[in-house]
Amino acid sequence: MTLKSVGARKRLSDILQQAGHAESLTKVLGPVSIVFMGIGAIIGAGIFVLTGTAAALYAGPAVILSFVLAGIACAFVGLCYAELAAMMPVAGSTYTYTYTSLGQLAAWLVGWNLVLEYSIGAAAVAVGWSGYFNGTLALLGIAISPRLSHSTGTIVTLADGSSATAIANLPAVAIVVLLTVLLVRGTRESARINNLMVALKLLVILAFIGFGIFHVSTANWQPFVPPNDGTFGIFGWSGVLHGASVVFFTYIGFDAVSNCAQEAKRPQRDMPVGIIGALSLSTILYILVAAVLVGIVPYRELNVAAPVGLAAERMGIGWLALAIQLGALIGITTAILVLLYGQCRIFAAMAHDGLMPPVFSRIHPKLRTPWMSQILIGVVVAAFAAAAPIETLSELVGVGTLFSFVMVCASVLRLRKLEPNAHRPFRVPGMPWVPILGILSCLGLMIGLSPMTWARLIVWIAIGLAIYFAYGRSRATERLGN
């Protein structure tokens, strides 16, 4: 076995043959349905939690610009996703695209970093869910001990005013366990339920914006870009960049959208409209929510578990505060479910290719679900949700997602050279500049992350490389017939 195998690619013809086996799936999704699926996947904990975190810790009121920067980067990447999704309408998304264009090792690294996007992302969303769950109980006059509702090691204030160290975030663990059980039993979302969930989320968000506009104090927007305190990424323009890197977590729904290609009525039209439409609407909503949020509550007070709920309380509209808490819980629950489901399916695709142990693709004989994989993922996610704060988790998710997005843009460039005559129902405009701008934008956002996050990424990749060379390389190469 030689190191040449690390560059072995899946043949595009094999990928398309795989897609042909699934043609029994009805092509029923039009652009509106794809937009709704995209919004459902993109709008989760980020809009309800990370907007406040990014404003309080990094960007101040200029978090509005952070969302603009993140949205621009996503637009470049979204066009690349549209081409690849229409060209290869199969499961695996980013992992599959990379395997076809950049080879086995690159595909493994993407799949390994997708663990950060899905598993750590689910943990971060679960921590956000816990904050809104505790807020909802508080509105109902019920309280959970702070020691049992915050990340391990966090210093919390008890009811009697004394300080203590938190043991674990049990509500976050509970929601992960509950959804894992549902997924193991075969529970899945239908398009109708997804659209209903999206409608509820949008209704809550629009209500917050509509009522919040009349409670905005423009004095809270000053200074719009708080002066840097001497540390890169803490306020100032570097803080705006750091904030963009953090809120980029809110755009991790791309994989869900790209997987719609196989069931789109007209991929050439529907996928670009669906992806860019979902991105555009989500970005507009993020910007409006951020503007209202920092206009109602001074930005330094927003580093709380439920910042939008805090703003609703400041408005003095009791029913709106409760509606936002419940709407956030519904929306965030859906996001956790999608992330847990997605991680399991990515692992199943990698196990099928030999890069992961066969247990990850094992199907329960009665439930017909990859139960072993789903349970293991649930345990790991619950552990992270119990112990880690959301700001640490979100930065890990952001760097993992940005790494994957760089690979997607590179895959478009590479496939244009390797497969110049392949049928492309949708073609990225402005080649090669759009993919190049996508790569540069993602790298720019990665630069905005803290050195500690970079160190964690390097350690994560090192662990992934060790697993690949010790286990996956030989088995995956055998599957390819090399």
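General observations
- Helix 63-87 vs. the chain, principal-axis angle (Cα, 0 to 90°, nearest 10): 20 degrees
- Here segment 398-469 and segment 120-184 have alpha carbon centers that stand 34 Å from each other.
- Phe67, Phe232, Phe347 arranged by Cβ crowding within 10 Å, fewest neighbours leading: Phe232, Phe347, Phe67
- Karplus 3J(HN,Hα) series, Hz, for segment 315-327 with 6.51 cos²θ - 1.76 cosθ + 1.60 (x for Gly, Pro): 5, x, 9, x, 5, 5, 4, 5, 4, 5, 4, 5, x
- The chain: Lys pairs at Cα distance under 28 angstrom, eight or more positions apart or on different chains: 7
- 15 Å beta-carbon shell around Glu301, net charge (K/R +1, D/E -1): +1
- Karplus 3J(HN,Hα) series, Hz, for segment 111-125 with 6.51 cos²θ - 1.76 cosθ + 1.60 (x for Gly, Pro): x, 5, 6, 5, 4, 5, 5, 8, 5, 5, x, 4, 5, 4, 5
- Cβ-based exposure ranking for Glu313, Glu117, Glu301, in which fewest neighbours within 10 Å come first: Glu301, Glu313, Glu117
- Ascending count of other beta-carbon atoms within 10 Å, so fewest first, for Thr53, Thr98, Thr218, Thr154: Thr218, Thr154, Thr53, Thr98
- Three-way shape label, segment 417-482, alpha-carbon gyration tensor, a/c 1.5: oblate
- Overall form of segment 139-250 per C-alpha gyration tensor (a/c, 1.5; a/b vs b/c): oblate
- Value of [θ]222 nm, deg cm²/dmol, for the chain, DSSP H segments ≥ 4, -39500 (n - 2.57) each, nearest 500: -21000 deg cm²/dmol
- Per-residue Karplus couplings for segment 445-451, computed as 6.51 cos²θ - 1.76 cosθ + 1.60 with θ equal to phi - 60°, are listed in order as 5, 5, 4, x, 7, 6, x Hz, Gly and Pro entered as x.
- Computed over the chain, relative contact order equals 33 percent, with contacts defined as Cα pairs under 8 Å that lie 6+ residues apart.
Values in this text are rule-based calculations from the coordinates and carry no lab data. Keep in mind the model is a prediction, meaning the values are calculated, not measured. Cβ: placed from backbone, ideal geometry, glycine included. Neighbour counts: every protein chain shown.
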